[in-house]
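Each remark here refers to the structure printed beneath this line.
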Amino acid sequence: MSLVQVTDLTVEFGALRAVDGLSFRLERGAALALVGESGSGKSTVASALLGLHHGTGARVGGSIDVAGIDVQAASDGELRRLRGAKAAMVFQDPLSSLDPYYAIGDQIAEVHRVHTRGSRRAARARAVEVLDRVGIPDAPRRSRSRPHEFSGGMRQRALIAMALACEPDLLIADEPTTALDVTVQAQILDLLHTLREETGMGLLLVTHDVGVAAESVDQVLVMRHGREVEQGPVAAVLGAPAQPYTRELLSAVPRVDAARAPSAASDEVVLEATGLRREFGRGKRAFAAVDDVSLTVRRGETLGIVGESGSGKTTLGRMLVGLLEPTAGEVRYEGHARVGVRPTVQMVFQDPVSSLNPRRSVGESIADPLRARGEHDEGRIRGRVIELLERVGLEGAHYDRYPHEFSGGQRQRVGIARALAADPRVIVCDEPVSALDVTTQAQVVALLGELQRELGLALVFVAHDLAVVRQVSDRVAVMRHGRVVETGPADEVYDNPQDPYTRQLLAAVPALDPEAAARRRAVRRELASA
Amino acid sequence: MNGFGGFLLRRSIGTLATLLAISVIVYVVFYVTPGNVAQITCGPRCSPEQVHQVAQQLHLDDPLYVRYWHFLQGLVAGQDYSTGTSVEHCSAPCLGLSYQTDQQVLSIILTRLPVSLSLVFGAMVLWLLLGVGTGVLSVWRRGRLTERVLTGLTLAGWATPVFVIGLVLMIVVCGELQLLPFPQYVKLTDDPEQWAWNLLLPWLSLALIESAAFARMTRSSMLETLAEDHIRTFRAYGVSERSIVGRHALRGAFAPVIALNANNFGSAVGGAVLTESLFGLPGLGQELVHAVSVVDLPVVVGMVLVIGFFVVLANAVADVLYAVADRRVVLT
C-alpha cells in the first residue's frame, strides 16, 4: 500500500476552487515534488494531507489516504495522532513558524510529548538528539535558545528537527528553502536528502522553484490553477516536458550556465563610486554594512550586484541613488560629485506591494516624480503618465486604479514606470523580481532589457539570485560582508570564478538537471569538508 | 554600563528628572492660576490685615523661582517653618507644610499612602484574575454564545461608572443581604482579617470596572496570536487546542496585559477618587481633590510627586517583566 494516495482531490474556499481533481500517490521512501506558481493550489494540497482544512469552512472532496489513515473520515483525535507522528510538516518561513516565547528545545519536546506521553526529561533529551541530528552545533546548549537567537538556516533546521522528533513516515516540506540564501538552501536540501536516505521516510516537497525540485525528488507533479499539468519521473518531465505549460515554465527559469547576448554598452561612465563605506550603529555596536566599495557604471550597460542577505548590496544600491549618505567615499555622476537624490538616478524597489501607496491611484504615484520636478500642467502630467503606463506594457486606462487591483508583476511594472517618469540615465533595481513567479519574472526582466536598449539606460541590478543576475548583466560584482570579493565581465565571473566564495555560491545554485544536481551535491560535500 | 545595573541606574536618573519636571510644571500652573491664595487659605472672614500676614508667612509674595528654590532646599536639606506662634523643623526630605493645616505634607502622604496602596493592590489582583480569565474563556469558547455574553458583559462593565457598581454592591451585600458590614477602613497592621473584609467591596467595584479593559485586551491579543504562523505549526503537529490556547496564545497576550496593568496601577494609586469617596477610604485621591480645591500648593505638589513616582515605578517594573516574558526585549 502506498504511503500517500490522493484520488480526485478538490478543495473549495467559497466560490474559489483551489484544487480541482488532483490524483497522485507516493510510495514509502520515495520523494515527490508539487511544482507550480503562486496560486496553483500546491500548498492547499499539502495542508489537505494533514486534514488542516477541517473546521476552516473549506470544502474538501475526493479521498486522501496518508499512512493508512483515511484523512477525510478521521476524527479530530485521529487527525491529531496523524499529525507530527506519522506525517510531519516543515513550513516556509522558519521565523514565524516557531513560537517566539519558548525555547526551541521545549517546543520540540512539547510535540514529542503529545505523541509519546513520555516524561519531560525524555522528551527534552529527544529534542537535543534531533537538533544534533540536523546539524545544530552544541545542541544541548542551543536547545535552550529562543527562535530569534537562531539564524534563518538554523531555524529551518530546528523545524526539520521538530518534524523528525516522532520519526514520521512522511515529511511534507512546504517551500522549505524559499526564505533562505542560496548556500543555506543547498545545505537544507542536502540535509533533507541525507535524512531520507537514512530514515527511509517519504518526502512531499512543495515548491515554486523547479531547480529545488530537480535537486531533491524522483517524481514531479506540475500544477496550474489547481489542476495537474503533468506528472512523472523528474528527469523525464524536466528533460522532455510533454505539456506546453511545463515547457513555458522551464524556459522562464533563468539559467546560471547560459551566456547572455551583450548589450550596447558604451565607454562613457555615468556613475562612479569610489571607496564607499557605510556604517550603522554607534560605538562598540557600529559595523560597516558596506566597506570600501568602488565601481563604475557605463551608459547602456547593466552592472549586476549579487550577494546573500546581509552582504550590503541594498545599502550600496541606496547610496548609489542618494537615499543614504555614505560614511566615507563618494558617488560621482557624469564626473561631478553628487549630493542627495537626483532625478537622473532612479530606483525600482523590491516589494511592489509596499513600495506603492495603497491609498493613491497608480497614476498619481507615477506622476510624483513629474510633480517633484515642477511640472504643474495637469493635462501634460496625465498625458505623460499614460504614455509611461503604455510603455511598460500596461494600459492608459489603469491611471485611476489602485495598487491592490494589480498582480505582482503589474505592480512592478508600475514601479518601473515611476522610475522612468523622471527621464533617468541610471536606474538602480533592488531585487526587482525576487517577489515574482518565474514566468512573470522573465517578462519583467525582458521589459527592463527592452527599455535599456531603447533609452540607453544604465542599469544597476541588485539581486540574490545568481541565475537572474547572469541573465541580465554585462558585468557583475559579487558582494560578501560589505565588500566586493570579485568583479568582472559576467561570463568570466560565472564560467571561471576566481574567488572561493563565488565558487561556493555557484556550486549552491540548484541545477535543473537531476544528474547535474547529484554532481553538484558531490562538489558541495567536497567544499564543505575542505 | 550594561545589563540590569545599567538599566536601574538609567531608570533612576530618568525618574528623578521626570519628577523634577513634574514639580516645576505644578508650581508654574499654580502660579498662573487666578485667585487669591492667601485669602482662600486664611478663610472668608479674615481681615485684609490677616490675609497680608498669611501671604507673608507662606512667602506667597516671593517670585516663583524663589519659592521653587525653597522647595528644593527643603527636599534636600530640610527647612524650618514659622507657623506664627512657633517654629517647626521639617527634616529632609521635606515637602513643605500644608497651607491649611500646617501639617507636614510628607506625614499626610504617609498616612494616606497605605490606604491607597491597599485598595489598588487588592483590586489589581482581582482585575487581573477576572480580566485575563474572562478573556481566556471568551477565546476558548469563541464563536459561541458564551463569547457573545462575555463580550456584552465586558462592554457593560466598561461603560458603568464605578460609583454605580459600588453603590449597588453596597446596597445588596451590606444592606439587603447583610453579608458584610458597611466598609470602614481598618489598618492592615491592626487586624489583617478585618482589613481584607472591609476592603472586599472596594476591591470588587474597582476591579469589575478595570477588568473589562483587561478582558478585551487579553481576548484581542490572543486572537491575534492564534492567527499567526507558529500556531499553524503546532496544529500541524497534533498539539491539542487546550495547549494551543492556554500555552501559546495566552503567552502572546502577556506583553500587552503587562503594559496595560502598569498604566492602570499607576493611575489608580492617585486616581481612584470615586472609589475612595464612595467607601470612605482616606486615600491619596480624596486628599488630592481637596487640596486642589483649596489651592494647598505644598500638598498638591507632594501628592503629584508621589503619584508620579508610582506611575514611573509601575512602568519600570513593567519593562522588567516585559524582558522576562519576551527574551527578544533588551532593557536599555
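Taken over the range A:391-408, the residue count meeting the criterion of being closer than 19 Å to A:Glu378 by Cβ and either open to solvent by 60 Å² or more (accessible area, probe 1.4 Å) or part of a loop (DSSP other than H, G, I, E, B) (or both) is 3. Residues in the range B:255-270 that are more than 14 Å from chain A (Cβ to nearest Cβ), crowded, with 18+ Cβ neighbours inside 10 Å and closer than 18 Å to B:Val125 by Cβ: B:Leu260, B:Asn261, B:Ala262, B:Asn264, B:Phe265, B:Gly266, B:Ala268, B:Val269.
Residues in the range B:215-231 that are facing chain A (nearest Cβ under 7 Å) and part of a helix (DSSP H, G or I): B:Asp229, B:His230. If B:Val172 meets every condition in (1) under 30 Å from A:Gln92 (Cβ atoms); (2) more than 14 Å from chain A (Cβ to nearest Cβ) apart from one, which number is that one? Condition not satisfied by B:Val172: (1). Residue by residue through the range A:427-455, note down the ones that are buried (at least 23 other Cβ atoms within 10 Å of the Cβ), β-branched (Val, Ile, Thr) and touching a residue at least 40 places away in the same chain (Cβ under 8 Å). Passing the criteria: A:Ile427, A:Val428. Of the candidates A:Met162, A:Met154, the single residue that is within 24 Å of the chain's Cα centre (by Cα), assigned to a helix (DSSP H, G or I) and more than 14 Å from every other protein chain (Cβ to nearest Cβ) is A:Met154. If you filter the range B:271-288 down to residues that are open to solvent by less than 10 Å² (accessible area, probe 1.4 Å) and small (Gly, Ala, Ser), you find that the one that is nearest to the other protein chains (Cβ to nearest Cβ) is B:Ala272.
Can you find a residue that is of a type in the set (Val, Ile, Thr), open to solvent by 70 Å² or more (accessible area, probe 1.4 Å), more than 14 Å from chain A (Cβ to nearest Cβ) and out of contact with any Pro (no Cβ under 9 Å at 6 or more places or on another chain) anywhere in the range B:177-192? Checking the range B:177-192: not a single residue is of a type in the set (Val, Ile, Thr), open to solvent by 70 Å² or more (accessible area, probe 1.4 Å), more than 14 Å from chain A (Cβ to nearest Cβ) and out of contact with any Pro (no Cβ under 9 Å at 6 or more places or on another chain).
Here is the figure for the range B:201-227: residues that are in contact (Cβ under 8 Å) with a residue 24 or more places away in the chain and touching a Pro at 6+ places or on another chain (Cβ under 9 Å) total 6. Among the conditions (1) in contact with a helix residue (DSSP H, G or I) (Cβ under 6 Å, 6 or more places away or on another chain); (2) open to solvent by less than 30 Å² (accessible area, probe 1.4 Å), the only one that B:Val312 does not satisfy is (2). The helices (runs of 4 or more DSSP H) falling completely within the range B:1-102 that include 2 or more residues that are closer than 24 Å to B:Ala316 by Cα, modelled with pLDDT of 80 or more and open to solvent by less than 50 Å² (accessible area, probe 1.4 Å) map to B:3-32. Note on the range A:78-99: residues that are more than 7 Å from every other protein chain (Cβ to nearest Cβ) and touching an Asp or Glu at 6+ places or on another chain (Cβ under 8 Å) total 4. If only one of B:Ala123, B:Ala159 is open to solvent by 70 Å² or more (accessible area, probe 1.4 Å) and either of a type in the set (Gly, Ala, Ser) or touching a strand residue (DSSP E or B) at 6+ places or on another chain (Cβ under 7 Å) (or both), which one is it? Of the residues listed, the single one that is open to solvent by 70 Å² or more (accessible area, probe 1.4 Å) and either of a type in the set (Gly, Ala, Ser) or touching a strand residue (DSSP E or B) at 6+ places or on another chain (Cβ under 7 Å) (or both) is B:Ala159. Scanning the range A:100-118 for residues that are within 7 Å of chain B (Cβ to nearest Cβ) and surrounded by fewer than 24 Cβ atoms within 10 Å (Cβ to Cβ), we see that the one that is nearest to the chain's Cα centre (by Cα) is A:Pro100.
Against the numbered list (1) among the β-branched types (Val, Ile, Thr); (2) farther than 28 Å from B:Val76 by Cβ; (3) under 25 Å from the mean Cα position of the chain (by Cα); (4) open to solvent by less than 60 Å² (accessible area, probe 1.4 Å), B:Val168 comes up short only at (4). Set side by side, the residues B:Gly238, B:Gly252 differ, and just one is farther than 30 Å from B:Pro183 by Cα, within 10 Å of chain A (Cβ to nearest Cβ) and in a loop (DSSP other than H, G, I, E, B), which is B:Gly238. Within the range B:210-254, if we keep just the residues that are among the β-branched types (Val, Ile, Thr) and surrounded by 23 or more Cβ atoms within 10 Å (Cβ to Cβ), the residue that is farthest from A:Thr44 (Cα to Cα) turns out to be B:Thr218.
Scanning the range A:199-209 for residues that are within 16 Å of A:Gly36 (Cα to Cα) and either open to solvent by 10 Å² or more (accessible area, probe 1.4 Å) or free of Cβ contacts under 8 Å to residues at least 60 places away in the same chain (or both) gives A:His208, A:Asp209. Take the conditions (1) part of a helix (DSSP H, G or I); (2) away from every other protein chain (no Cβ under 13 Å); (3) buried (at least 18 other Cβ atoms within 10 Å of the Cβ); A:Arg121 misses just one of them, which is (3). The condition (being in a helix (DSSP H, G or I) and more than 14 Å from every other protein chain (Cβ to nearest Cβ)) is satisfied by just one residue among B:Ala323, B:Ala318: B:Ala318.
Checked against the criteria, A:Asp132 counts as within 24 Å of A:Thr194 (Cα to Cα), open to solvent by 30 Å² or more (accessible area, probe 1.4 Å) and either in contact with a helix residue (DSSP H, G or I) (Cβ under 8 Å, 6 or more places away or on another chain) or more than 10 Å from every other protein chain (Cβ to nearest Cβ) (or both). Say whether the condition of being on the phi < 0 side of the Ramachandran plot, facing another protein chain (nearest Cβ under 9 Å), open to solvent by 50 Å² or more (accessible area, probe 1.4 Å) and at pLDDT 90 or above is met by at least one residue in the range A:16-29. The answer is no, given that none of the residues of the range A:16-29 is on the phi < 0 side of the Ramachandran plot, facing another protein chain (nearest Cβ under 9 Å), open to solvent by 50 Å² or more (accessible area, probe 1.4 Å) and at pLDDT 90 or above.
The values are calculated or read from the model by the stated rules, or taken from the named source; none is laboratory data. Please read all numbers here as calculations on a predicted model, not as lab measurements. No Cβ is skipped: glycine too gets one built from the backbone with ideal geometry, and neighbour counts run over all protein chains shown. For accessibility, only protein heavy atoms count, side chains too; no ligands or nucleic acids. Shrake-Rupley method; radii C 1.70, N 1.55, O 1.52, S 1.80 Å.
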